[in-house]
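The values are calculated or read from the model by the stated rules, or taken from the named source; none is laboratory data. Since this is a predicted model, take the numbers as computed values, not measurements. Glycine gets a Cβ as well: all are built from the backbone with ideal geometry, and neighbour counts include every protein chain shown.
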């Protein structure tokens, strides 16, 4: 039988494995370009957005946006608030926005080092909002 010290280590390993599993699952949810576009839009909007607003700004079908938001909501990446018949979405935690921006900056810097055509992009932001309020490539 393991002593108290070793039991704590075994318990911590179980917790650590569980955290790694959850981390991997969160990364899987984030590993889709449309979801990243939705999160970028929600981060930049400064206010909760409805499915219709997200669909319109990103030129995606509402049903597709709803499916992506359901996955993001299940992982507590976005938060939903119902107002009357509409549901509005916003980022659940600003740290997720910062993590995504940090990964994007590392990616762009890596592309630059490899000589790819990333020089036109800022490390801080790849997507821009055009005059019509839609998001597209810079």
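For the reader, a short list of remarks on this structure follows.
- In the set (1) surrounded by 16 or more Cβ atoms within 10 Å (Cβ to Cβ); (2) closer than 25 Å to residue 28 by Cβ; (3) at pLDDT 95 or above, residue 53 fails one condition alone, (2).
Conditions (1) outside the structural domain of residue 101 (by TED's automatic domain parsing); (2) crowded, with 16+ Cβ neighbours inside 10 Å; (3) in contact with a strand residue (DSSP E or B) (Cβ under 6 Å, 6 or more places away or on another chain), marked per residue:
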{"position": "12", "(1), (2), (3)": "yes, no, no"}
{"position": "42", "(1), (2), (3)": "no, yes, yes"}
{"position": "63", "(1), (2), (3)": "no, no, no"}
{"position": "80", "(1), (2), (3)": "no, no, yes"}
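- In the range 86-123, the qualifying residues are those that are assigned to a loop (DSSP other than H, G, I, E, B) and in contact with a helix residue (DSSP H, G or I) (Cβ under 7 Å, 6 or more places away or on another chain), and the one that is modelled with the lowest pLDDT is 123.
- Residue list for the range 24-44, restricted to those being part of a helix (DSSP H, G or I) and without any contact (Cβ under 8 Å) to a residue 12 or more places away in the chain: 24, 27, 28, 33
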